[in-house]
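Notes follow the structure.
The values are calculated or read from the model by the stated rules, or taken from the named source; none is laboratory data. Predicted, not measured: the structure shown is a model, and the values here were computed from it. Cβ placement follows ideal geometry from the backbone for every residue including glycine, while neighbour counts extend to all protein chains displayed. Protein only, heavy atoms only, side chains kept; ligands, DNA and RNA dropped before computing areas. Shrake-Rupley method; radii C 1.70, N 1.55, O 1.52, S 1.80 Å.
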Amino acid sequence: MADDALSHADDWRQVHLGRLLGHAMRRFDERVLALMAHDVDVPLALSNLAARQQVSAAHIHITRHLARTGSRLTELAERAGMTKQAMGTLVDQCEAWGLVTRGPDPLDARARRVLFTADGLAWLEAFRRAVAQAEHEFHASVGDEIATVVTIGLEAYAAA
């Protein structure tokens, strides 16, 4: 009986808001990557990387935060909430995969900008479609009312 009471006393560690948000984000990102792995418009090499789970949620930071006109590495790292060194490693991988390239910064000859390649722009468009599909599936799973309340609540929480 005492062990059972202790077990229930620790339930909060598995179901608190932070843990639920983390699980939901991982599930959503995994679904987006799975959809991208099967998108016929994604360049084959990138599709294969996604299908073999070589592309992680960390790589999605570049997709989420890189401006279409390019970004400096420091800007990209700041938007993603990562160190410049960690973002540099991700950019190196994405450059090797053909998603991005580094080019001159028109505003500062000493600086470099990270830019999407043509394949990277195709990846970005596939990401847009996959996010829309995953959001549609979320709505279908929990219902439109709950999905709307969750979205509004998360927007308010993130803005605070």
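Taking the conditions (1) open to solvent by 30 Å² or more (accessible area, probe 1.4 Å); (2) closer than 27 Å to SER141 by Cβ; (3) in contact with a Ser or Thr (Cβ under 9 Å, 6 or more places away or on another chain); (4) part of a helix (DSSP H, G or I) in turn, VAL40 satisfies each one other than (4). Does ASP10 satisfy the condition of being exposed (fewer than 12 other Cβ atoms within 10 Å of the Cβ), more than 23 Å from GLU135 (Cα to Cα) and among the acidic types (Asp, Glu)? It is true that ASP10 is exposed (fewer than 12 other Cβ atoms within 10 Å of the Cβ), more than 23 Å from GLU135 (Cα to Cα) and among the acidic types (Asp, Glu). I'd like the residue in segment 141-153 that is open to solvent by less than 80 Å² (accessible area, probe 1.4 Å) and on the phi < 0 side of the Ramachandran plot and, out of all such residues, is nearest to the chain's Cα centre (by Cα). The extreme case among them is THR151. Within segment 105-116, one or more residues are open to solvent by less than 50 Å² (accessible area, probe 1.4 Å), over 16 Å from the mean Cα position of the chain (by Cα) and among the basic types (Lys, Arg).
State yes or no: is LEU33 at pLDDT below 80, open to solvent by less than 50 Å² (accessible area, probe 1.4 Å), under 19 Å from VAL131 (Cα atoms) and part of a helix (DSSP H, G or I)? Judged against the criteria, LEU33 is not a match.
Residues ALA24, ALA50: which one is in contact with a helix residue (DSSP H, G or I) (Cβ under 8 Å, 6 or more places away or on another chain) and either open to solvent by 50 Å² or more (accessible area, probe 1.4 Å) or part of a helix (DSSP H, G or I) (or both)? Step through it out loud before you land on a result.
Details: ALA24 fails: in contact with a helix residue (DSSP H, G or I) (Cβ under 8 Å, 6 or more places away or on another chain).
It is ALA50.
Hand me the list of helices (runs of 4 or more DSSP H) wholly inside segment 73-160 holding 2 or more residues that are closer than 19 Å to LEU20 by Cβ. Output list reads 118-142, 144-159.
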